[in-house]
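Some notes on the structure that comes next.
The values are calculated or read from the model by the stated rules, or taken from the named source; none is laboratory data. Computed from a predicted structure; not experimentally measured. Using ideal geometry, Cβ is built from the backbone for each residue, glycine included, and neighbour counts are taken over all protein chains shown. Ligands, DNA and RNA are stripped out before the accessible areas are found, and what is left, the full protein with its side chains, is counted by its heavy atoms. Shrake-Rupley method; radii C 1.70, N 1.55, O 1.52, S 1.80 Å.
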Amino acid sequence: MGECGAHGDLDVLLPFLRHESPRVRAEAVRAVRRLGGSLTQIVGMLADPAPVVVRAVNAALRTEPSAVPVAQLWELLAADSPAHVRLGAYERLRTSDTWTRVHVDLHLLAAHDVELGHRAHADLTAWLQGGAATTYRKPSPEAL
């Protein structure tokens with residue numbers, strides 16, 4: 001459906017977002033994105049129990065960094081969330097804006113997060129080497 005369907009076929013796809021098979025849910029997410037469906041229908045799937053679904057949702061949201069509220073992403077990043085959900089939330093936060101990226105990287109380093117700490121360290125190092133010199137705006141009041 002995602003390959004040869006049209007925008008009008010979205011109603012047929014929506015029930016598959018709740019299918020029991022993770023692979024079917026992931027393909028439904030991809031199809032909704034390809035057919036131009038509303039991303040609000042898949043945002044809640046960032047907490048899906050299947051890593052393949054969370055990866056598909058993250059791929060679908062790449063072009064819309066502000067589709068998920070930052071507060072919701074911080075909740076998904078909590079230590080009690082499954083590792084794949086935390087990774088998905090980290091990837092979304094990292095692409096929000098510069099200061100959210102720095103904040104989440106420093107948060108993970110300060111929390112001694114073993115799973116995501118190495119990614120945060122590498123990302124912060126890359127930012128310091130390439131992007132920090134061109135960051136001219138101060139953080140927003142919400143980020144402080």
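Take the range 78-88 and flag every residue that is in a helix (DSSP H, G or I) and open to solvent by 50 Å² or more (accessible area, probe 1.4 Å).
Result: A83, single match.
Only one of (1) under 21 Å from the mean Cα position of the chain (by Cα); (2) surrounded by fewer than 13 Cβ atoms within 10 Å (Cβ to Cβ); (3) at pLDDT 75 or above fails for E142. Which number is that?
The one condition E142 does not meet is (3).
What are the residue pairs meeting all of these: first residue in the range 86-104, first residue under 16 Å from L61 (Cα atoms), second residue assigned to a loop (DSSP other than H, G, I, E, B), Cβ atoms under 6 Å, and 6 or more apart or on different chains?
R86/L77; A89/L77; R92/V68; T95/P65; S96/P65
Answer yes if at least one residue in the range 32-40 is assigned to a helix (DSSP H, G or I) and touching a Lys or Arg at 6+ places or on another chain (Cβ under 7 Å), and no otherwise.
Looking through the range 32-40, none of the residues is assigned to a helix (DSSP H, G or I) and touching a Lys or Arg at 6+ places or on another chain (Cβ under 7 Å).
Which of (1) assigned to a helix (DSSP H, G or I); (2) over 30 Å from L109 (Cα atoms); (3) of a type outside the set (G, A, S); (4) open to solvent by 70 Å² or more (accessible area, probe 1.4 Å) is the odd one out, the single condition R55 does not satisfy?
With respect to (1) assigned to a helix (DSSP H, G or I); (2) over 30 Å from L109 (Cα atoms); (3) of a type outside the set (G, A, S); (4) open to solvent by 70 Å² or more (accessible area, probe 1.4 Å), R55 is out only on (2).
If A71 satisfies all but one of (1) more than 11 Å from the chain's Cα centre (by Cα); (2) under 26 Å from V24 (Cα atoms); (3) free of Cβ contacts under 8 Å to residues at least 24 places away in the same chain, what's the number of the condition it fails?
(2)
Condition check: modelled with pLDDT under 90, over 14 Å from the mean Cα position of the chain (by Cα) and open to solvent by 30 Å² or more (accessible area, probe 1.4 Å). Does S38 satisfy that?
Judged against the criteria, S38 is a match.
A quick yes/no check of all residues on (1) farther than 22 Å from R18 by Cβ; (2) open to solvent by 40 Å² or more (accessible area, probe 1.4 Å):
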| site | (1), (2) |
| --- | --- |
| L46 | no, no |
| S66 | yes, yes |
| V70 | yes, yes |
| Y90 | yes, no |
| W99 | yes, yes |
| V102 | yes, no |
| A111 | yes, yes |
| A122 | yes, yes |
| T134 | yes, yes |
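What are the residues in the range 14-59 that are of a type in the set (G, A, S) and free of Cβ contacts under 8 Å to residues at least 12 places away in the same chain, if any?
S21, S38, G44
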